[in-house]
1. What ranking, highest mean first, results for peptides 146-157, 21-32 when packing means the other Cβ atoms within 10 Å averaged over each residue?
2. If neighbour count is taken as other Cβ atoms inside 10 Å, put 17, 79 in order from fewest to most.
3. With axes computed from alpha carbons, what is the tilt in degrees of helix 57-71 against the longest principal axis of the chain, rounded to the nearest 10 within 0 to 90?
4. For the chain, modelled as a Gaussian network with Cα springs under 10 Å, which listed residue fluctuates most, 137, 16, 287?
5. Counting helices only, and only those DSSP H runs with n ≥ 4, report the 222 nm mean residue ellipticity of the chain as the sum of -39,500 (n - 2.57) divided by its residues, in deg cm²/dmol to the nearest 500.
6. So how do 127-134, 272-279, 297-304 stack up, highest first, on mean other-Cβ count within 10 Å?
7. Suppose we keep just the DSSP beta bridges with both residues in the chain; what percent of those would be antiparallel, to 5?
8. What ranking of 240, 216 emerges when the number of other C-beta atoms within 10 Å of each C-beta is taken as an exposure proxy, fewest first?
């Protein structure tokens with residue numbers, strides 16, 4: 001190719017009827033598993049082995065079944081409330097994906113998201129999650145709940161130059177204002193191709209979508225990200241928040257993060273808030289929002305909708321009677337950032 005000699009190899013996976021499957025879908029999935037196994041063995045072909053003890057078999061099976069999961073609507077979302085500390089009201093939710101597997105039951109993200117990342121279906125997966133989250137958000141807004149919804153993006157999403165256009169179409173389709181959608185990225189994801197990711201995030205902000213950096217403080221480029229004007233929100237990682245009251249070093253990190261974010265006109269969400277004491281301490285530190293078991297675990301759509309209705313008629317969550325809230329900047333309603341601000 002262009003004067004360069006290439007060594008071309010192939011890996012072949014074999015599945016036979018009826019021993020390895022009784023229909024086309026089963027045979028193709030199992031041949032796919034055998035092919036991935038063949039990539040790591042010699043010779044470069046392999047017959048599917050149902051009783052194989054290879055630790056990768058289960059992961060490969062999930063990869064093979066992922067397209068069916070997307071097409072058959074097996075992916076479901078749970079939603080965790082995010083509470084505004086200044087008012088005590090639920091201002092938003094984070095969408096957390098589950099896989100309602102027909103044979104294995106409900107799978108949590110750590111059981112299948114790594115398989116998603118290794119498949120060629122990341123964009124289809126993200127599109128399905130976004131659509132489901134926006135349908136839910138539209139329903140809440142129609143019911144009188146002015147809340148935002150946050151959806152996680154992967155590193156591969158940040159290389160998809162068509163993502164801003166796809167997001168814009170979904171927002172119009174479901175009549176959800178762009179400011180009601182927050183897309184969460186991690187610092188590590190930003191480092192995969194920083195220039196491309198930066199351009200993509202700018203385009204997303206131009207259509208009005210909010211951008212949050214998740215697990216802040218655990219990646220490689222925390223301080224740089226704050227200065228690049230592509231963020232609206234910082235999410236302090238729960239590993240720091242949970243030790244806020246017992247470790248001086250963690251308390252200093254949380255306080256410094258909140259101060260730096262506010263200095264750059266960003267809002268702050270503290271994750272992993274599991275006690276009233278943590279909530280009160282974060283109020284004193286002038287954090288903007290919290291999420292965690294104390295304010296509500298992740299729950300299915302019907303349960304979350306009921307939770308919103310109950311919260312609307314109940315007294316606001318206590319945020320600490322002794323805490324003085326003296327903002328370091330003028331607080332904006334969540335989602336009110338003008339594009340490019």
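1. 146-157, 21-32
2. Neighbour counts put them in this order, fewest first: 17, 79.
3. Taking Cα atoms only, the helix is inclined about 70 degrees.
4. 16
5. Mean residue ellipticity, 222 nm, calculated: -12500 deg cm²/dmol.
6. Answer by packing, highest mean first, reads 127-134, 272-279, 297-304.
7. Antiparallel: roughly 40 percent of the beta bridges in the chain.
8. 240, 216
Quick note: the coordinates plus some simple rules give every number you see, no bench work behind them. For clarity, every value in this text was computed on a predicted model and none was experimentally measured. Heads up, the Cβs are rebuilt from the backbone with ideal geometry, glycines too, and the neighbour counts pull from every protein chain shown.
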